[in-house]
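The block underneath contains the structure these notes are about, expressed in structure tokens.
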Amino acid sequence: MTDDAWTQLEAERRASHAFRVRRAQMILASARGLSPKPIAQLVGGAVQTVRNAIHALNANGLACVPKQSTRPRSVEPLLDTANCERLQHILHQSPRTYGKSTGVWTLALAAQVCHEQGVTDRCLSDETMRRALQRLRPNWQRAKHWITSPDPHYARKKSGGIA
């Protein structure tokens, strides 16, 4: 390890961010020749955490000291546009069409039917299904409240004006 790297790690040991302090301690202890188990005992962490820090140092150099983002590099929905359209087609039918005992869709039931129909590779979570439905922007209100009729007297009949 170079003198510049050693100086930088010593400065990181006095940083205010706990992750950077622990990571610098692990790397410095490893540079002194300690194995992962004593390093883990020294910093109060797990042995695998020390191994991960050493592997990150070998792969990325000192760029591994600051905490990296845990967010995926690309976020692609599990249900793409074509599969969302298939989902919408499924949801426009009764669950009984697919051999289910209920006539009301739930997120879990929709996920199960999508999996059975080959829309998805596995049964998706309720949250994934909810987000897919949000992308579709459907009007999922009960038909009783929004359905209209071509009859010009429909509104008056529904309001109780004519029996």
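The values are calculated or read from the model by the stated rules, or taken from the named source; none is laboratory data. The structure displayed is predicted, hence computed values, not measured ones. All Cβ positions, even for glycine, are placed from backbone atoms using ideal geometry, and neighbour counts span all protein chains on display. SASA here: full protein model, heavy atoms, side chains in, ligands and nucleic acids out. Shrake-Rupley method; radii C 1.70, N 1.55, O 1.52, S 1.80 Å.
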Stretchable slack from residue 108 to residue 131, in nm (0.36 nm times residue separation minus alpha-carbon distance)
7.0 nm
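Mind running the shape call on the range 1-96? Use the C-alpha gyration tensor, a ≥ b ≥ c as the square roots of the eigenvalues: rounded below 1.5 for a/c, prolate if a/b tops b/c, oblate otherwise. Please report the intermediate quantities before stating the final value.
On the way: a/c = 4.06, a/b = 3.06, b/c = 1.33.
Verdict is prolate for the range 1-96.
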Rounded if a/c is under 1.5, else prolate if a/b is larger than b/c, else oblate: which is the range 99-138, with a ≥ b ≥ c the root eigenvalues of its Cα gyration tensor?
oblate
Using 7 Å Cα-to-Cβ label points, what is the residue 89/residue 51 separation (nm, one decimal)?
4.8 nm
Residue-ordered couplings for the range 99-105, obtained by feeding phi - 60° into the Karplus form 6.51 cos²θ - 1.76 cosθ + 1.60 and rounding to whole Hz (Gly and Pro as x), are x, 8, 7, 9, x, 10, 7
State in Å² the accessible area per residue of the chain; use a 1.4 Å probe, count heavy atoms of protein chains only, and round to the nearest integer.
71 Å²
Checked against the structure, the computed log10 I(q)/I(0) by the Debye sum over Cα atoms at q = 0.09, 0.12, 0.20 Å⁻¹ among [x] -0.33, -0.55, -1.18; [y] -0.49, -0.67, -1.15; [z] -0.61, -0.73, -1.16 is the one labelled [z]
